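Sharing a structure, written as structure tokens. Questions coming.
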Amino acid sequence: MSKTDFDKLRIDMWVSGTADKEGNGGYSALLYSQINQTPFKKTIGGYATDTTITRMTLKAIVEGLTCIKSKSFIHIYTSLPQISVGLNKNMYVWERNDWRRKDGQFLKHADLWQQVFELLDEKSLSYRVKLERPFPSQDNHLYVIHMASKYTMQAKKHLHEVAVSS
């Protein structure tokens with residue numbers, strides 16, 4: 001496979017999740033690919049309440065993978081060690097153990113880990129998860145952090161609007 005062919009099939013995805021002390025959270029994913037040396041970018045994101053940073057980061061991965069139309073070489077960039085280790089190593093053990101930890105307890109966020117597992121199987125020719133600080137493309141990382149934080153603020157605003165209208 002030539003580099004040009006590989007580049008057509010490669011998708012880089014930067015992900016970030018945020019959550020405040022009250023459990024309001026946001027997530028964002030930036031997908032980047034290059035076709036015939038033309039760059040393509042797509043940003044997605046959203047928010048939730050009663051959540052955690054890990055859950056929001058997993059949600060960013062799920063939503064990012066859902067946007068991928070055909071099998072690709074996927075490179076995921078995250079700043080959370082638990083996401084990197086979970087995807088690179090533990091996910092296959094958890095799947096064999098019916099999404100339970102070594103001690104038999106159910107895995108936190110098992111619903112999202114299962115979705116990620118299934119989507120990677122469906123959408124990837126192969127994948128890599130990179131835990132890097134600083135990121136090779138710091139601008140993309142800062143962008144997804146900013147967008148995830150922006151969505152967290154939307155979660156707060158939504159809660160405020162619901163409380164005022166009730």
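Please treat every number below as a calculation from the coordinates, not as lab data. Predicted model only: the values in this text are computed from it and were never measured. For neighbour counting, all protein chains shown are included, and Cβ atoms are generated from backbone atoms with ideal geometry for every residue, glycine included.
Can you pull out the residues in the stretch 52-67 that are closer than 15 Å to VAL129 by Cβ and in contact with a strand residue (DSSP E or B) (Cβ under 8 Å, 6 or more places away or on another chain)? Spell out the reasoning first.
Pass one, the stretch 52-67, residues closer than 15 Å to VAL129 by Cβ: 54, 57-58, 60-62, 64-65.
Within the stretch 52-67, THR54, THR57, LEU58, ALA60, ILE61, GLY64, LEU65 meet the criteria.
Could you tell me which numbered condition PHE73 fails, if it satisfies all but one of (1) of a type in the set (A, V, I, L, M, F, W, C); (2) touching a Lys or Arg at 6+ places or on another chain (Cβ under 6 Å); (3) under 19 Å from TYR151 (Cα atoms)?
For PHE73, the exception is condition (3).
(1) in a helix (DSSP H, G or I); (2) in contact with a helix residue (DSSP H, G or I) (Cβ under 9 Å, 6 or more places away or on another chain): which one isn't true of TYR32, the others all being true?
(1)
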